[in-house]
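A.B. asks: Pasting in a structure now, in structure tokens, and then I'll have a few things to ask.
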Amino acid sequence: MPFELHIDILDQIFKGMLIGIFASAPMGPVGILCVQRTLNKGRWYGFVTGIGAAISDIIYALITGLGISFVMDLVNNEQNKFWLQIIGSIVLLVFGVITWRSDPTRNMHKSGTQKGTLVHNCWTAFWVTFSNPLIIFLFMGLFAQWAFIIPDHPIVMSVGYLSIIGGALLWWFGLTWLVDTIRGIFDTSGIRIINKIIGSVVILFSLIILVGTVFNLYTIQY
């Protein structure tokens, strides 16, 4: 394997893992469902809930990537690329603010204690996530910010998409482990705290990237 291709794959793995984590982390309906199932049914029922969400996410990620690939001539222009990265940073910033300000427990519905099969828990979580196509806008922001789409490199892109799944599963595995470990003290306030932390991290990260991108744009223009 050429050295440059090896570096590209490692870079794409890193980007894909981060995208998977960022797409999964906010405590929306499926995040709350994952927490509730972990508390009511057990850790693995919560984890397969995350797997269902990850399957839905990768479908939307592929749709987003396919759409972006049709406008790669626009994306490959250096100045357009910087503007897209700025837009991506702003999308992430808005997303972080919305996450920080939201109360995910406000419309929370209690998960039943009847366990059902692992497949059933995975399938229902898939549909909960798939019913919200607005996540495409989040993927657009993430893809633009990290220049995730690399044309004419099917191997690198395949590794990247697999890494998105890996990042998502890493998040769900860690979340269910945390909830299961502290289940005796975990309640709705814990969900709100996690959501505040996630929102704060996204806001800080997007601001850092936005400032860096703006200065790069300034340098190119002048």
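Values in this text are rule-based calculations from the coordinates and carry no lab data. Computed from a predicted structure; not experimentally measured. Positions of Cβ are backbone-derived with ideal geometry, glycine not excepted, and every protein chain shown enters the neighbour counts.
A.B. asks: On a full-extension model of 0.36 nm per residue, what is the gain between ILE136 and THR181, subtracting their alpha-carbon distance, rounded to one decimal in nm?
C.D. replies: Stretched out fully, the ILE136 to THR181 stretch lengthens by 12.9 nm.
A.B. asks: Which value in nm describes the separation of the simple spin-label points at HIS153 and LEU207, placed 7 Å from the Cα toward the beta carbon?
C.D. replies: Spacing of the two 7 Å Cα→Cβ label points: 3.2 nm.
A.B. asks: If you average the alpha carbon positions of region 82-101 and of region 171-193, how far apart do those two centres end up, in angstrom?
C.D. replies: 26
A.B. asks: Under the 0.36 nm per residue contour assumption, what length would be gained going from the current alpha-carbon distance of ILE87 and ILE59 to full extension?
C.D. replies: Between ILE87 and ILE59, full extension yields an extra 7.8 nm.
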